[in-house]
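The block underneath contains the structure these notes are about, expressed in structure tokens.
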Amino acid sequence: MAFEVGDKVIYPNHGLGIVETIEEKTIMGTTCGFYMLRMASSDTTVLVPVDNIEGVGLRRAVGDDEIARLYTLLGNGKIDSHQNWKGRFKDNSDKMRSGSIQDAIDVLKNLTFLSRSKSLSFREKRMLDRAKFLVVSEISEVAQEASEAVEERVDRALERCFAAKARAAARAKTAKASARSGSRRTSRAVRAS
């Protein structure tokens, strides 16, 4: 995958950047091409070797047409909840390193949901903040909307997600109770005959 000057790209765990130049540099006797990215959030520049874009997970920012789908994903009610801190942290760390906005959305939903029932560790709190920053900043830049407005939409989508999760849990509990009472009636009828 090659990028051109002006392309909006995502550098995993750092956010959105714009390719300002593509240049060759000689470092320790080796000459190779680099993308110089201007990071949108900090206005700093980052050099990424052209030959290593897949290794670092550099990817194009989502398109305008994908934003509605991202909000749907945010509000769909599907949340992974690991009970084991170590396993949860590893899974979430792997997702954050992937550079995928869908993975960042998963981390955002999982940790926000968890934070409503218990305090997050310092590392998980930082990861939650980072996931929200990455999601909001990418959507904001692509949609050309203020980050505050995007953050409000993201928060509303998360509320829909948690409401859908609660409704699904209530339905499952009702179905389980109905199945239990139905099996008790069946066993009583069998004993009576």
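The values are calculated or read from the model by the stated rules, or taken from the named source; none is laboratory data. Everything quoted here is computed from the prediction, not taken from an experiment. Cβ sites come from the backbone with ideal geometry, for glycine too, and all protein chains shown count toward neighbours.
Key figures
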read-out: Residue within the range 109-121 that is assigned to a helix (DSSP H, G or I), of a type outside the set (Ser, Thr, Tyr) and within 22 Å of Leu58 (Cα to Cα) present; value: no
read-out: Hits in the range 103-126 - residues which are of a type outside the set (Asp, Glu) and surrounded by 14 or more Cβ atoms within 10 Å (Cβ to Cβ); value: Ala104, Ile105, Val107, Leu108, Lys109, Asn110, Leu111, Thr112, Phe113, Leu114, Leu120
read-out: Selection count where residues are modelled with pLDDT of 90 or more and either among the β-branched types (Val, Ile, Thr) or touching a Pro at 6+ places or on another chain (Cβ under 9 Å) (or both), scope the range 11-43; value: 7
read-out: Where a residue in the range 136-158 is under 20 Å from Arg60 (Cβ atoms) and assigned by TED's automatic domain parsing to the domain that holds Gly75 and its partner, wherever it lies, is of a type in the set (S, T, N, Q) and not in a helix (DSSP H, G or I), with Cβ under 7 Å and at least six apart; value: Ser137/Ser41
read-out: Any chance Gly55 is of a type outside the set (D, E, K, R) and either exposed (fewer than 15 other Cβ atoms within 10 Å of the Cβ) or more than 14 Å from the chain's Cα centre (by Cα) (or both); value: yes
read-out: Hits in the range 89-104 - residues which are closer than 17 Å to Ile67 by Cβ and either modelled with pLDDT of 95 or more or not in a helix (DSSP H, G or I) (or both); value: Ser100
read-out: For Thr112: the one exception among (1) among the polar types (S, T, N, Q); (2) without any contact (Cβ under 8 Å) to a residue 24 or more places away in the chain; (3) outside the structural domain of Asn13 (by TED's automatic domain parsing); value: (2)
read-out: Any hit, the range 72-88, residues being modelled with pLDDT under 90 and among the hydroxyl-bearing types (Ser, Thr, Tyr); value: yes
read-out: Residues (surrounded by fewer than 16 Cβ atoms within 10 Å (Cβ to Cβ) and either in contact with a Leu (Cβ under 8 Å, 6 or more places away or on another chain) or in the same structural domain as Ala143 (by TED's automatic domain parsing) (or both)) located in the range 20-39; value: Glu20, Lys25
read-out: Single unsatisfied condition, His82 versus (1) surrounded by 13 or more Cβ atoms within 10 Å (Cβ to Cβ); (2) assigned to a helix (DSSP H, G or I); (3) of a type outside the set (Phe, Trp, Tyr); value: (2)
read-out: Matching residues, the range 1-39, being closer than 21 Å to Asp64 by Cβ and touching a residue at least 60 places away in the same chain (Cβ under 8 Å); value: Lys8, Ile10, Tyr11, Gly15, Leu16
read-out: Members of the range 40-61 that are without any contact (Cβ under 8 Å) to a residue 12 or more places away in the chain and either part of a loop (DSSP other than H, G, I, E, B) or outside the structural domain of Leu16 (by TED's automatic domain parsing) (or both); value: Ser42, Asp43, Thr44
read-out: Given (1) buried (at least 18 other Cβ atoms within 10 Å of the Cβ); (2) under 27 Å from Gln144 (Cβ atoms); (3) within 22 Å of the chain's Cα centre (by Cα), index of the condition Ser42 fails; value: (1)
